[in-house]
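**Q** The structure that follows is given in the form of structure tokens.
Bear in mind that the values in this text are calculations on the coordinates, not laboratory data. What you see is a predicted model, and the numbers here were worked out from it, not measured in a lab.
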Amino acid sequence: MQSSLPLPRNPDGVSVKSFDAQPALDLFPGAALGFLTVPSAPYPVGGDSGTSERVIGRLRDSHGSAEAVRGHLLWEEYRAFYTAMNVKASAVSTPLKQAARFLKAGAYRPIHPVVDVCMEIEYALLCSFQVYDLARIGAAVRYAPAVGGESLGDAPEGAVARAGECVLSDELGLIHSPSLGNDHARLVGEDSTEALVRILRIPGMDRSVFDRTVDEAARRLDAREVVVLDAAHPAV
């Protein structure tokens, strides 16, 4: 599923000129990533009404209960994926952990229109999503194993990436690390006009599920650009 659409541009006219996941895909050829550029705007007053019910309703329709989610085959696949990259799997937030938490709580707190659609799809289909402000992403996005010692914008002092963990970065620094989380300054917010959505397929997940995830997100978020990276097409 290689896109011929143009690469994203942010509101300041700075192109995201390249996406490169080859170093990570050489290690994990069964993985894949999708990058979607989508319009972004905050909820109008009262506009998030019904969001929690929609997210929880689809979660229940998809998985039934928190216990069923914890028994899902992908629970172990996520654990194996992060363990293989030198990360303590129990410390990483995964779609299954989040889905189980919200099913147990029976409620979801709306965050942002783009994020909430992504979370609904993530919890139902179990591909991992991250949502960033496109204007705060540099020209060359890369998904690759960390050397070790890289710091993340707003992480506590002394907290650094582990050698071997696959991190998302650009020429400005780390964007996301499984062990550290996101650079919160890069996340989509109320003043964002465009968002960059990252979707991750881990090894062990059926490719058709990933393709369905990208297709649904692109359709529902009115994506302007779609780029998919996999072992056959690791960089654009």
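**Q** Rounded if a/c is under 1.5, else prolate if a/b is larger than b/c, else oblate: which is region 104-236, with a ≥ b ≥ c the root eigenvalues of its Cα gyration tensor?
**A** Because its axes are fairly even, with a/c under 1.5, region 104-236 counts as rounded.
**Q** For region 18-158, what value does the Rg/Rh ratio take when both radii are computed over Cα atoms and Rh is the Kirkwood radius, given to two decimals?
**A** Values: Rg = 16.9 Å, Rh = 17.3 Å.
On the Cα set of region 18-158, Rg over Rh gives 0.98.
**Q** Something else: Residue by residue through region 183-193, which ³J(HN,Hα) values in whole Hz follow from phi under the Karplus form 6.51 cos²θ - 1.76 cosθ + 1.60 (θ = phi - 60°), with glycine and proline marked x?
**A** 6, 5, 5, 8, 6, 4, x, 5, 8, 6, 9
**Q** Here's something else I'd like to know. Run down the lysines and flag those whose C-alpha is under 29 Å from the C-alpha of LYS88, throwing out any fewer than 8 positions away in its chain.
**A** LYS97, LYS104
**Q** Taking H placed 1.01 Å from N in the peptide plane, check which residues at least 5 places from LEU187 or on another chain put their amide H under 5 Å from its amide H.
**A** Under 5 Å from the amide H of LEU187: ASP133.
**Q** Identify all aspartates and glutamates with a Cα-Cα distance to LYS17 below 20 Å; exclude those on the same chain that are fewer than 8 residues away in sequence.
**A** The reachable aspartates and glutamates, counting only those whose Cα sits under 20 Å from LYS17, are ASP133, ASP170, GLU171, GLU194, GLU225, ASP230.
**Q** Right, next: From the phi angles alone, apply the Karplus equation (6.51, -1.76, 1.60; θ = phi - 60°) to region 107-117 and give each ³J(HN,Hα) in whole Hz, x where the residue is Gly or Pro.
**A** Going residue by residue, I get 7, 9, 9, x, 10, 6, x, 5, 4, 5, 5 Hz, with x marking Gly and Pro.
**Q** Please list 3J(HN,Hα) in residue order for region 206-212, calculated via the Karplus relation 6.51 cos²θ - 1.76 cosθ + 1.60 where θ = phi - 60°; whole Hz, with x for glycine and proline.
**A** 4, 4, 5, 5, 4, 4, 4
**Q** Here's another thing I want to ask about it. Give me the one-decimal Kirkwood hydrodynamic radius in Å for region 42-88, with the sum taken over alpha-carbon pairs. All intermediate terms of the calculation are to be shown ahead of the outcome.
**A** Values: mean 1/r = 0.0751 Å⁻¹.
13.3 Å is the Kirkwood radius here.
**Q** When a/c reaches 1.5 or more, the comparison of a/b and b/c decides; with that in mind, is the chain rounded, prolate or oblate per its Cα gyration tensor?
**A** On the way: a/c = 1.36, a/b = 1.10, b/c = 1.24.
Rounded is the answer for the chain, as its axis ratio a/c remains below 1.5.
**Q** With N set to the number of residues, divide the alpha-carbon radius of gyration of region 152-198 by 2.2 N^0.38 Å and report two decimals. Intermediate values should be presented prior to the final figure.
**A** Numbers: Rg = 11.5 Å, N = 47, 2.2 N^0.38 = 9.5 Å.
So the Cα radius of gyration is 1.21 times the expected 2.2 N^0.38 Å.
**Q** If you don't mind, there's one more thing I want to ask. Whose amide H sits under 5 Å from the amide H of ILE175, counting only residues 5 or more places off or on another chain, with H placed in the peptide plane?
**A** So ILE175 has HN proximity to LEU168, SER169, ASP170.
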